[in-house]
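Down below is the structure, laid out as structure tokens.
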Amino acid sequence: MDYENRFRQHLEALHQEGRYRVFAELKRRCGAYPTADHFTQAGTNDVTVWCSNDYLGMSQHPAVCAAMHEAIEEVGAGSGGTRNISGTTHYHVELEAELADLHGKESALLFTSAYIANDATLSTLVKLIPGTVIFSDEKNHASMIEGILRGGGAKHIFRHNDVEHLEEMLKQVPLATPKIIVFESVYSMDGHIAPIAAICELAEKYNALTYLDEVHAVGLYGPRGGGIAEREGVMDRVDIINGTLAKGFGVMGGYIAASRACCDAIRSFAPGFIFTTSLAPAIVAGALASIRHLKRSEIERARLNERVKKVKGLMGNARLPVMDNPSHIVPVMVGDPVHCKAVTDTLLTRYRLYVQPINYPTVPRGTERMRFTPSPVHTDAEIAYLIGALEELWAACPVGKGEYVRLAAE
């Protein structure tokens, strides 16, 4: 077996399909977001970042940075171990209590990422409750899909946000059979929002647990940043909420919030929690400061909504193929992986605007797109420059993707 050749063959296939991923090497400037240094072989340039999941710019907030500095000064860098072996600090306990309060739950459990939280929790739930049948939205995140697969139980995939299809599937399973409905609040590539209340009604009717991923909503929606479920007044009807500390809250980590017994069971049985070194105290302290700030401040959320509305409106006026949705996500459809990469390469090299192409398997083939994420700190001038650049590209290349490839090469 020629192992190296096999690796090269797989990589070549990605290149041929136009979806080989190139990482942009960036150095963000503290206090100057969304500006960053972009490092290339030719040198370093300023770029404006338009695709970050730091939706509210909280990674730059003075209270967050100060809390992280203070924690390092007080306790040092790392946590020292897993949660069971010396890695449960006072910061971790405080943050879990803050998260439980945010979502109106009895308890919360920290993980190193929301991906791990989804994977570990969903796979463990099925093993703790043998015979469980999972009902999963077809557009659920890869972490949820992985957790469901690793659980090894029966599963049904319902059409995206289609409660009628979900009910058809629920009817086919005996009422006494344990069930979990798994879905997201904000779907990050399309910007769709789930009908949470309607799904909760079905869960109550058919004796199912609800598992809601609020990763792209926590911090951004609701009067205290509790997510879409808080905004719609249905948090108490959702059994398990998954969230992240790395997007709206601007730091790192993931969590679940649920009943005390549920969190304790996951804590006690999930390998993804038990055998992982806990988050560094400075990270936890930063997240704690961010959550506490956003619980009482509406300024960031209001400014985000205004910026998103402005960008979507200007893109619509310019007749750009922006995908309509009710959330803060601004997807612009391209529909071809080579074409999409050529457009984003041109934006980066010619206009110094950084947005990453979104290709399969993140989105279905043929729906490749750019995904813009305006933030409260993007200025009117930065928005105008972005729209102007996109208008120039669309006007210069009306005949198709070949022209974009040529532009990117110039």
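Could you pull out the residue among Ser136, Ser113, Ser107 that is within 30 Å of Leu166 (Cα to Cα), surrounded by 14 or more Cβ atoms within 10 Å (Cβ to Cβ) and touching a Cys at 6+ places or on another chain (Cβ under 8 Å)?
Only one candidate qualifies: Ser107.
Does Ala318 satisfy the criteria of being over 28 Å from Ala395 (Cβ atoms) and touching a helix residue (DSSP H, G or I) at 6+ places or on another chain (Cβ under 7 Å)?
Judged against the criteria, Ala318 is not a match.
Output the residue which, of all residues in the range 378-410 that are in a loop (DSSP other than H, G, I, E, B) and open to solvent by 80 Å² or more (accessible area, probe 1.4 Å), is modelled with the highest pLDDT.
Checked the range 378-410; the qualifying residue modelled with the highest pLDDT is Pro398.
Out of the strands (runs of 3 or more DSSP E) lying entirely within the range 158-271, which hold 1 or more residues that are open to solvent by less than 10 Å² (accessible area, probe 1.4 Å) and farther than 22 Å from Ala287 by Cα?
Correct list: 179-184, 208-213.
Condition check: part of a loop (DSSP other than H, G, I, E, B), in contact with a strand residue (DSSP E or B) (Cβ under 8 Å, 6 or more places away or on another chain) and either under 20 Å from Asp46 (Cβ atoms) or open to solvent by less than 10 Å² (accessible area, probe 1.4 Å) (or both). Does Val363 satisfy that?
The answer is yes for Val363.
I need the full set of residues from the range 303-332 which are open to solvent by 60 Å² or more (accessible area, probe 1.4 Å) and under 12 Å from Leu220 (Cα atoms), in order please.
Of everything in the range 303-332, those that are open to solvent by 60 Å² or more (accessible area, probe 1.4 Å) and under 12 Å from Leu220 (Cα atoms) turn out to be Arg303, Asn305.
In contact (Cβ under 8 Å) with a residue 24 or more places away in the chain, touching a Leu at 6+ places or on another chain (Cβ under 7 Å) and of a type in the set (Val, Ile, Thr), is that true of Val338?
Spelling it out, it is not the case that Val338 is in contact (Cβ under 8 Å) with a residue 24 or more places away in the chain, touching a Leu at 6+ places or on another chain (Cβ under 7 Å) and of a type in the set (Val, Ile, Thr).
Might you let me know whether the range 365-372 holds any residue that is within 30 Å of Leu102 (Cα to Cα) and at pLDDT 95 or above?
Taking every residue of the range 365-372 in turn, at least one turns out to be within 30 Å of Leu102 (Cα to Cα) and at pLDDT 95 or above.
Does Val75 qualify as being farther than 13 Å from Tyr211 by Cβ, open to solvent by 40 Å² or more (accessible area, probe 1.4 Å) and either hydroxyl-bearing (Ser, Thr, Tyr) or touching a residue at least 40 places away in the same chain (Cβ under 8 Å) (or both)?
So Val75 fits the description; yes.
Listed here are the residues, each with its yes/no results for (1) among the charged types (D, E, K, R); (2) at pLDDT 95 or above; (3) more than 19 Å from Gly225 (Cβ to Cβ).
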{"site": "Gln41", "(1), (2), (3)": "no, no, yes"}
{"site": "Val49", "(1), (2), (3)": "no, yes, yes"}
{"site": "Asp54", "(1), (2), (3)": "yes, yes, no"}
{"site": "Met58", "(1), (2), (3)": "no, yes, no"}
{"site": "Ala71", "(1), (2), (3)": "no, yes, yes"}
{"site": "Gly78", "(1), (2), (3)": "no, yes, yes"}
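Checking Arg301 against (1) assigned to a loop (DSSP other than H, G, I, E, B); (2) under 20 Å from the mean Cα position of the chain (by Cα), only one condition comes out false. Which one?
Of (1) assigned to a loop (DSSP other than H, G, I, E, B); (2) under 20 Å from the mean Cα position of the chain (by Cα), only one is false for Arg301: (1).
The values are calculated or read from the model by the stated rules, or taken from the named source; none is laboratory data. Quick caveat, the model's predicted, so the values are computed rather than measured. Cβ: placed from backbone, ideal geometry, glycine included. Neighbour counts: every protein chain shown. Surface accessibility is based on the protein's heavy atoms, side chains included, excluding ligands, DNA and RNA. Shrake-Rupley method; radii C 1.70, N 1.55, O 1.52, S 1.80 Å.
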